[in-house]
Amino acid sequence: MVIAAEPAALDAVERTTLPSHSAASLTRRSLLRSGAGALAAVAGAGALRPARAAPASVPFGAAIQFEMFDIDAAYRHAFRDECAIVLPMNELKFGLLRPSREQFLFEPADRLVDWALSNGQRSRGHTFVWWSTNPDWLEAITDEAEAERVLVDHIERTADHFRGRLESWDVVNEVMAHEPGGRDGPLRDSFWLQRLGPRHIPLAFGTAARADPSARLVINDYDLEFAGDRYDRRRALTLDLVRQLQDAGHRVDAVGIQGHLYSHLKIDREALARFGRDLKVLGVGLLATELDVIDFQVPGGPDEIDEAARVVVSDFLDGLFAGQRPEAVIAWGLTDRYSWVPDAMPRADGSPSRPLPLDRDYRPKPWFADVRQRLTQG
Ligand code: 9MR
């Protein structure tokens, strides 16, 4: 699969900014550029610091939901007290932000982000390009040029609105097929793929880089940590996507590993470490963006469920840290009271799922203390 190697495959805007060098020299140039981009982001967002001034800990963060933020003070306090990074979970997705073509409903995300910043916390953006939650008016667009105009305009206006407040953006989310190399793929069959082809990925990165030069640009995906062929293929394809973007002259600052951890599966710590090292060689960082535990296949009561969670989270962090120091570890919510996990994968015995660092009553799980300790060691 080629997403961006041929300048001819790029849109007009991309073409004007791409130097016409060989792929090899483009690779070196883009590596240099990506290093410079990372340094610029350091100055802007404080995401990385020089080694000697390195903070003791890797920041812990969590995604917050506006509906609960608005009504549940205990929920707000938990995010205020536990997190260094707080990001809107859903409020920046295309469908919520753009109920109609004319509208940009920035207010819920503005309130969440400004609240986090006023607490001295940091925030990040999720997400510009996703296969899910697209509004009907968008999916009704059939013309390629119009789809391109909408995507570019969406990224430009949204990135510009939040410039200086969001330290990074998940530029594309889940663009890999669920089973690349199997019956699907390699890329996800989405509205964006159907209308624009694979070039929607470099188009999104190029547009985001111009719209907010100080934000770190992240490619975000799931199922990158387990043992098995399918996961090997997903790791390899992610590296391939990063290389192709770099070869086409685009800045990719980090890969986001979502980290939805099935506690009945085995983490491939070695492969995860290798993945982190390979990214480091490319000058690309790594962070966990959506950590939670999916326990629907684990029998037993809360103690057994939490012990299985402790093991899978610990193995995950082992592999992550062995590859390169992660930029952040971010959970997908904070309390079991509110999570997508029981809706998508309920426990067969009908008992409550226990996916997140705090239980339904905001009590920390034992594994949360382990995470904290690991992050503090840096
Ligand atoms: O947790 C999110 C849930 O509240 C939303 O209803 C859903 C659809 O917008 O998205 C969930 O978050 C997903 C994330 O955006 C991308 N990775 C998978 C997450 C869980 O489905």
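The values are calculated or read from the model by the stated rules, or taken from the named source; none is laboratory data. These figures come from a predicted structure and were not determined experimentally. Quick reminder, even Gly has a Cβ in these numbers, built from the backbone with ideal geometry, and neighbours come from all protein chains shown.
So, of the residues in the stretch 229-286 that are hydroxyl-bearing (Ser, Thr, Tyr) and not in a helix (DSSP H, G or I), which turns out to be farthest from the chain's Cα centre (by Cα)? Give the steps one after another, and end with the answer.
So in the stretch 229-286, the residues hydroxyl-bearing (Ser, Thr, Tyr) come out as 231, 238, 262-263.
Subset that is not in a helix (DSSP H, G or I): 262-263.
Details: Tyr262: 18, Ser263: 21 Å.
Checking each candidate, the answer is Ser263.
Of the residues Ala159, Ala147, which single one is among the hydrophobic types (A, V, I, L, M, F, W, C) and either within 16 Å of the ligand (Cβ to nearest atom) or farther than 28 Å from Pro59 by Cβ (or both)? Walk me through how you get there before you give the answer.
Values: Ala159 fails: either within 16 Å of the ligand (Cβ to nearest atom) or farther than 28 Å from Pro59 by Cβ (or both).
Exactly one of Ala159, Ala147 is among the hydrophobic types (A, V, I, L, M, F, W, C) and either within 16 Å of the ligand (Cβ to nearest atom) or farther than 28 Å from Pro59 by Cβ (or both), namely Ala147.
Hey, could you check the stretch 184-198 for residues that are assigned to a loop (DSSP other than H, G, I, E, B) and not polar (S, T, N, Q) and say which is surrounded by the fewest Cβ atoms within 10 Å (Cβ to Cβ)?
Filtering the stretch 184-198 down to residues assigned to a loop (DSSP other than H, G, I, E, B) leaves 185-186, 188-190.
Subset that is not polar (S, T, N, Q): 185-186, 188-189.
Values: Gly185: 17, Pro186: 19, Arg188: 20, Asp189: 12.
Restricting to residues being assigned to a loop (DSSP other than H, G, I, E, B) and not polar (S, T, N, Q), the top hit is Asp189.
If you check Trp115, Trp131, which single one turns out to be outside any helix (DSSP H, G or I) and on the phi < 0 side of the Ramachandran plot?
Numbers: Trp115 fails: outside any helix (DSSP H, G or I).
Result of the check over Trp115, Trp131: Trp131.
Looking at Asp292, Asp306, which is the one that is in a helix (DSSP H, G or I), among the acidic types (Asp, Glu) and at pLDDT 95 or above? It would help to see each step written out before you state the result.
Details: Asp292 fails: in a helix (DSSP H, G or I).
Answer to the selection: Asp306.
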Go through (1) on the phi > 0 side of the Ramachandran plot; (2) away from the ligand (no atom under 13 Å from the Cβ) for Glu102 and report which single condition fails. (1)
Every residue in the stretch 102-129 that is of a type in the set (Phe, Trp, Tyr) and touching a helix residue (DSSP H, G or I) at 6+ places or on another chain (Cβ under 7 Å), please. Phe104, Phe106, Phe128
Among the residues of the stretch 206-224, what is the count of those that are away from the ligand (no atom under 16 Å from the Cβ) and surrounded by 20 or more Cβ atoms within 10 Å (Cβ to Cβ)? 9
Quick one: what pairs do we get from the stretch 330-352, first residue over 19 Å from Arg363 (Cβ atoms) and within 12 Å of the ligand (Cβ to nearest atom), second of a type outside the set (A, V, I, L, M) and assigned to a loop (DSSP other than H, G, I, E, B), C-beta under 6 Å, 6+ apart or different chains? Met345/Phe296
Being under 15 Å from the mean Cα position of the chain (by Cα) and either part of a helix (DSSP H, G or I) or over 27 Å from Asp110 (Cα atoms) (or both) narrows it down to one of Ile219, Ile201, Ile155, Ile141, so name that one. Ile201
Only one residue in Glu146, Glu156, Glu139 is without any contact (Cβ under 8 Å) to a residue 40 or more places away in the chain and surrounded by fewer than 23 Cβ atoms within 10 Å (Cβ to Cβ). Which one? Glu146
Given the condition away from the ligand (no atom under 16 Å from the Cβ), assigned to a helix (DSSP H, G or I) and charged (D, E, K, R), answer yes or no: does some residue in the stretch 356-371 qualify? yes
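Yes or no: His126 under 13 Å from Gly95 (Cα atoms) and touching a strand residue (DSSP E or B) at 6+ places or on another chain (Cβ under 7 Å)? It would help to see each step written out before you state the result.
Details: under 13 Å from Gly95 (Cα atoms): yes; touching a strand residue (DSSP E or B) at 6+ places or on another chain (Cβ under 7 Å): yes.
So His126 fits the description; yes.
If we scan the stretch 263-277, do we find a residue that is touching a Pro at 6+ places or on another chain (Cβ under 9 Å), modelled with pLDDT of 95 or more and over 25 Å from His126 (Cα atoms)?
Here is the first cut: in the stretch 263-277, the residues touching a Pro at 6+ places or on another chain (Cβ under 9 Å) are 276.
Still in the list and also modelled with pLDDT of 95 or more: 276.
Subsequent filtering for residues that are over 25 Å from His126 (Cα atoms) retains none.
Scanning the stretch 263-277 turns up no residue that is touching a Pro at 6+ places or on another chain (Cβ under 9 Å), modelled with pLDDT of 95 or more and over 25 Å from His126 (Cα atoms).
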